[in-house]
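The values are calculated or read from the model by the stated rules, or taken from the named source; none is laboratory data. Computed from a predicted structure; not experimentally measured. Methodologically, a virtual Cβ is constructed for each residue, glycine included, from the backbone with ideal geometry; neighbour enumeration extends over all protein chains shown. Just so you know, the surface numbers come from the protein's heavy atoms only, side chains and all, with ligands and any DNA or RNA stripped out. Shrake-Rupley method; radii C 1.70, N 1.55, O 1.52, S 1.80 Å.
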Amino acid sequence: IETPDLAQAICCTYAGLQNRLEVKGLSTLKNKETDRILALQSELEKLGVNTKISKDSILIKEFNNKKSPIIKTHQDHRMAMSFAPLTLRFGKLIIEDVDVVKKSYPTFWEELEKVGFIIDPATDSSN
């Protein structure tokens with residue numbers, strides 16, 4: 001309840017590990033840059049991660065095959081940063097609106113490159 005902004009990173013970590021998880025106390029996430037609970041569900045489903053949401057929780061319940069490599073940020077910096085490491089589990093991912101990270105971590109993509117991630121600079125800032 002006190003740190004709901006960690007939910008995206010925690011849910012993506014558990015999804016990458018393919019571990020079930022239920023996170024509660026997330027009611028304030030509907031009032032952020034986007035409805036973060038709904039955005040998490042939408043983008044995790046693209047990776048074949050089945051979820052169930054309520055007004056204040058998300059349950060990661062089972063794992064299937066990836067459906068789409070295109071992850072929308074929903075204009076939310078935490079979405080981009082939380083989903084980017086999932087390339088380790090799901091292979092190439094396309095993160096739309098990569099410039100959204102400038103709000104909180106302007107060098108995020110450069111830092112990922114330093115630790116071995118391949119960032120394709122050929123895409124424009126809207127993809």
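State all residues of the range 83-96 that are outside any helix (DSSP H, G or I) and either small (G, A, S) or under 13 Å from the mean Cα position of the chain (by Cα) (or both); if no residue qualifies, say none.
Across the range 83-96, the qualifying residues are G91, L93, I94, I95, E96.
So that you can scan it fast, the table gives a plain yes or no per residue for (1) modelled with pLDDT under 95; (2) more than 13 Å from S82 (Cβ to Cβ):
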site: E2; (1), (2): yes, yes
site: A9; (1), (2): no, no
site: Q18; (1), (2): no, yes
site: E45; (1), (2): no, yes
site: K52; (1), (2): no, yes
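Of the numbered conditions (1) within 9 Å of the chain's Cα centre (by Cα); (2) farther than 19 Å from C11 by Cβ; (3) among the hydroxyl-bearing types (S, T, Y), T107 fails exactly one; give the number of that condition.
The one condition T107 does not meet is (1).
May I ask you to list the residues in the range 19-32 that are surrounded by fewer than 16 Cβ atoms within 10 Å (Cβ to Cβ), out of contact with any strand residue (DSSP E or B) (no Cβ under 6 Å at 6 or more places or on another chain) and either closer than 14 Å to M79 by Cβ or not basic (K, R) (or both)?
Scanning the range 19-32 gives N19, G25, S27, T28, N31.
If you check every pair at least six apart or on different chains, which have Cβ atoms under 7 Å apart with a residue in the range 114-127 that is in a loop (DSSP other than H, G, I, E, B) and at pLDDT below 55 first and a residue that is open to solvent by less than 70 Å² (accessible area, probe 1.4 Å) and β-branched (V, I, T) second?
What qualifies is S125/V98; N127/I94.
Got a sec? Which strands (runs of 3 or more DSSP E) wholly within the range 11-82 have at least 3 residues that are out of contact with any Ser or Thr (no Cβ under 7 Å at 6 or more places or on another chain)?
Fully inside the range 11-82 and qualifying: 49-53, 57-63.
Determine which member of the set D56, D76 is acidic (D, E) and touching a Gly at 6+ places or on another chain (Cβ under 9 Å).
After applying the criteria, what remains is D56.
Kindly evaluate R89 against the criterion of being in contact (Cβ under 8 Å) with a residue 40 or more places away in the chain and open to solvent by 80 Å² or more (accessible area, probe 1.4 Å).
Yes.
W109 versus (1) more than 16 Å from L6 (Cα to Cα); (2) modelled with pLDDT under 95: which is the lone unmet condition?
(2)
Quick one: in the range 43-67, which of the residues that are of a type in the set (D, E, K, R) and surrounded by 15 or more Cβ atoms within 10 Å (Cβ to Cβ) is farthest from K92 (Cα to Cα)?
D56
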